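Quick note: the coordinates plus some simple rules give every number you see, no bench work behind them. Treat the numbers as computed from the prediction; the structure is a model and nothing was measured. As a convention, Cβ positions derive from the backbone with ideal geometry for all residues, glycine included, and neighbour counts pool all protein chains shown.
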Amino acid sequence: MNLTSKREALKKFYYPLGETLARTGLPPNFITLLSLFLGSIAAYFYFHHKALTGAVLLALSGLFDLLDGVVARTTGKTSKFGAVFDWITDKWTDGFVLGAIGFAYASPFVAITAITVSMLHSFIKPVAYAEIGYTEKKKGKIIDPLESVGFFGRPETHITIILFSILERTPFPLGLSFGIKLVALLTLLSLLMRIFYLYKKYGREYE
């Protein structure tokens, strides 16, 4: 699916809300902190088998994660610290939520696997920036081919978790125990696509 690569097309759905939020005067980094707080509380509820509450909080966390950048650009308060801080809080939330669901609904092995492949799927990008040299930016975002490589990133992870959180509360036989395993598997496949892309493009370039 790769919703991240379709960010420009999707802006019309959330940008007006971000511009409205910008008029409140809230600093972008405060909105990032709010996203972090909601994501952390979501993990707490998931760990205690409160799937629907966790899903609502995770959805709100993801929404504020989208809006902090809009507020920063609208108010002219984009900064290098803000970009790094936003990235760190994303990984914090992802690690805690995946770990909480894995431990609560599956097993420690599944939790560790889900966290590991999720982090690698994200960390492969800054490593590529450093080693290959992607530096061009557009509206505060580094432009790189990896953005469109792979099919299962952070947005897809959140959507899948929320979907299976709802199914967890229904008679449907597949809930979060299956959902977290599916997230781990699809993220791994998406990671392998990115590794294969880099190998195909740069694997025979010798220094």
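Structure values in brief
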read-out	value
Hydrodynamic radius of region 3-200 per Kirkwood, over alpha carbon pairs, in Å	17.4
Distance between modelled label sites at Phe178 and Ser79, nm, 7 Å Cα→Cβ extension	4.7
Label point at Leu63 placed 7 Å out along Cα→Cβ; residues across region 156-171 whose backbone nitrogen lies under 12 Å	none
Unit charges at the beta carbon, dipole of region 47-125: most positive-side option, Phe64, Ile115, Ile101	Phe64
Listed pairs Lys80/Lys125; Lys11/Lys181; Lys12/Lys181 exceeding 22 Å between Cα atoms	Lys11/Lys181; Lys12/Lys181
Under the Karplus curve 6.51 cos²θ - 1.76 cosθ + 1.60, θ = phi - 60°, whole-Hz ³J(HN,Hα) for region 47-64, x wherever Gly or Pro sits	4, 9, 6, 9, 5, 5, 4, x, 5, 4, 5, 5, 4, 5, 4, x, 5, 5
